[in-house]
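So the structure is just underneath, and the comments pick up after that.
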Amino acid sequence: MIETKAPGKLYIAGEYAVTEPGYKSILIAVDRFVTATIEDSEVAQGSIHSKALHHEPVNFKRNEDQIVVSDLHAAKQLKYVITAIEVFEQYARNKGMELKHFHLTIDSNLDDASGHKYGLGSSAAVLVSVVKALNEFYQLNLSNLFIYKLAVIANMKLQSLSSCGDIAVSVYTGWLAYSTFDHEWVKQQIEETSVNEVLKKNWPGLHIEPLQAPENMEILIGWTGSPASSPHLVSEVKRLKSDPSFYGRFLEQSHACVEKLIHAFKTNHLKGVQQMVRLNRTIIQQMDAEATVDIETPTLKTLCEIGEKHGGASKTSGAGGGDCGITIINNECDKQAIYDEWLQNGVKPLEFNIYHGQ
C-alpha cells in the first residue's frame with residue numbers, strides 16, 4: 001500500500017492581486033493534511049473511498065478517458081478525486097502506460113472535529129494527494145512542477161476563479177512566493193494539445209519560489225469560527241476592474257509590497273517582514289473599502305488589533321470575510337498573552353506548524 005499526503009495552506013500576503021497573472025503572493029503549508037492511500041485491486045474494477053465525506057467505498061470503471069462511478073450522488077461529491085484521476089491517466093496513457101485497477105482512499109484533517117472549515121484549501125490538497133498517490137503507484141517519478149501542473153489542469157476543468165496558489169504550496173510545502181499563470185493561455189493549450197504537451201511548456205506568468213523565514217520569526221494563526229466564500233469574495237473584487245485606474249493602482253501597490261516582503265525574507269529581516277505585512281493589510285483594507293465586501297470582518301479586526309497590541313504584525317489571511325487571520329511575531333514575544341486575549345474575544349488559536357515536506 002502507498003500513502004501520500006498533501007498539506008493545507010494559508011495566505012500570508014498578496015491576496016486578491018494573486019488572481020492576476022504575474023502578481024506575487026506568499027503562502028505557507030501547515031501540518032494538517034489530506035491523505036491518500038492506494039493499492040492494487042485484485043479484480044477488474046477499482047474503488048474510491050472518501051472517509052472525509054463519510055462515504056462507503058464506491059466502485060468505478062473506465063469508459064475511454066472517463067472514470068464512471070457506480071453511485072451518481074457520490075460522483076458529484078467525489079468530482080475532485082475523479083477529475084484528478086482522469087487527468088493523470090490521460091498523461092499516463094499518452095506515455096504508453098497500461099492502466100491498472102486500484103483502490104483509492106482519501107482522508108482529511110483539514111477541518112475541525114465538528115466539520116467546520118478553517119479555510120485551508122481542502123480541494124487543492126485533495127487534488128495534490130491523488131496526483132502524488134498515482135505518481136507513486138505508476139512509478140513515474142514526476143517533478144514537483146509536473147505534479148502541480150497536473151493538479152492545476154484538473155482544477156481548471158472544475159472551476160476558473162482560483163489562482164492555484166493553494167495547489168502550489170500543497171506540492172512544494174514550507175514558505176512559498178507564488179504568482180499565477182495566464183489562465184486563458186493554459187486553457188487554450190489544454191483544448192488544443194495533449195496533457196503531456198501542456199506540462200512541457202513554460203506557463204506565462206507562473207512563478208514558484210521556496211523561501212526561508214527569518215530567524216526568530218513565528219507565525220500565529222487565529223480562526224474566527226465562521227467560514228468564508230472565497231469564490232464569491234474574489235468575484236466581487238473583480239468587479240473593481242470596471243475602474244481600471246483604481247484596480248491597477250491596487251495591483252501595483254500589492255506587487256511592490258510583496259516584492260519588498262520577499263526581499264525581507266531573503267535578507268533575514270524580521271522587522272522588514274512585519275512592516276510589509278502591516279502595509280499589505282492597509283492595501284487590502286483600501287481595496288475592501290472600494291469593493292465593500294467586508295474582507296476584514298469585526299472578528300478579524302479584533303484579532304489583528306490584539307496581535308498588534310502585543311508587538312505582532314497582523315492581517316487577514318486569504319479572501320477574508322471569515323476564516324483565519326495571522327500575526328507575525330518575534331519568537332521571544334509572549335504568544336500565550338495573544339492566544340489568551342484572542343480566546344476572550346471569540347478567536348480560536350490554531351497551533352499549527354509550518355510543514356516543510358516529508
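Only one of the listed residues (TYR91, TYR118) is aromatic (Phe, Trp, Tyr) and farther than 27 Å from TYR11 by Cα. That residue is TYR91. Within the stretch 40-58, the residues that satisfy the criterion of being in a strand (DSSP E or B) and over 26 Å from ASP111 (Cα atoms) are ASP40, GLY46.
For (1) surrounded by fewer than 24 Cβ atoms within 10 Å (Cβ to Cβ); (2) more than 20 Å from the chain's Cα centre (by Cα); (3) free of Cβ contacts under 8 Å to residues at least 12 places away in the same chain; (4) under 30 Å from LYS348 (Cβ atoms), each residue gets a yes or a no:
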{"position": "PHE88", "(1), (2), (3), (4)": "no, no, no, no"}
{"position": "ASN94", "(1), (2), (3), (4)": "yes, yes, no, no"}
{"position": "MET97", "(1), (2), (3), (4)": "yes, yes, no, no"}
{"position": "HIS101", "(1), (2), (3), (4)": "yes, yes, no, no"}
{"position": "ASP107", "(1), (2), (3), (4)": "yes, no, no, yes"}
{"position": "ALA124", "(1), (2), (3), (4)": "no, no, no, yes"}
{"position": "LEU127", "(1), (2), (3), (4)": "no, no, no, yes"}
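The conditions of being out of contact with any helix residue (DSSP H, G or I) (no Cβ under 7 Å at 6 or more places or on another chain) and in a strand (DSSP E or B) are met by LYS61.
For (1) of a type in the set (Lys, Arg); (2) at pLDDT 95 or above; (3) under 24 Å from ARG32 (Cα atoms), each residue gets a yes or a no:
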site: LYS79; (1), (2), (3): yes, no, yes
site: ALA84; (1), (2), (3): no, yes, yes
site: ASP112; (1), (2), (3): no, no, yes
site: GLY115; (1), (2), (3): no, no, yes
site: TYR118; (1), (2), (3): no, no, yes
site: PHE137; (1), (2), (3): no, yes, yes
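In the stretch 140-225, counting only helices (runs of 4 or more DSSP H) that sit wholly within it, the ones holding 1 or more residues that are more than 14 Å from the chain's Cα centre (by Cα) span 144-158, 183-192, 195-200. The C-beta contact set for the stretch 137-155 (first residue small (Gly, Ala, Ser), second residue part of a helix (DSSP H, G or I) and modelled with pLDDT of 95 or more, distance under 6 angstrom, 6+ apart or interchain) comprises ALA151/LEU127; ALA151/VAL128; ALA151/VAL131; ALA151/ILE167; ALA154/THR83; ALA154/ALA84; ALA154/VAL87; ALA154/LEU127. Suppose the filter is under 23 Å from LYS51 (Cβ atoms), free of Cβ contacts under 8 Å to residues at least 12 places away in the same chain and either outside the structural domain of TYR16 (by TED's automatic domain parsing) or hydrophobic (A, V, I, L, M, F, W, C) (or both); does LEU134 pass it? So LEU134 does not fit the description; no. For the stretch 252-298, residues that are assigned to a helix (DSSP H, G or I), at pLDDT below 95 and more than 23 Å from the chain's Cα centre (by Cα) total 5.
Here is a yes/no grid of residues against (1) more than 23 Å from LYS348 (Cβ to Cβ); (2) in contact (Cβ under 8 Å) with a residue 24 or more places away in the chain:
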position: HIS263; (1), (2): yes, no
position: LEU270; (1), (2): yes, yes
position: VAL277; (1), (2): no, yes
position: GLU296; (1), (2): no, yes
position: ALA313; (1), (2): no, yes
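Under the condition of being under 16 Å from PRO349 (Cα atoms) and touching a helix residue (DSSP H, G or I) at 6+ places or on another chain (Cβ under 9 Å), the residues counted in the stretch 298-311 number 7. Restricting attention to the stretch 42-73, the residues being at pLDDT 85 or above, small (Gly, Ala, Ser) and surrounded by fewer than 20 Cβ atoms within 10 Å (Cβ to Cβ) number 1. For the stretch 1-54, filtering for residues that are in contact with a helix residue (DSSP H, G or I) (Cβ under 9 Å, 6 or more places away or on another chain), of a type in the set (Ser, Thr, Tyr) and under 30 Å from HIS73 (Cβ atoms) leaves 4.
The values are calculated or read from the model by the stated rules, or taken from the named source; none is laboratory data. Every value quoted in this text rests on a predicted model; they were computed, and no experiment measured them. Reconstructed Cβ throughout: ideal geometry from the backbone, glycine too, with neighbour counts over all protein chains shown.
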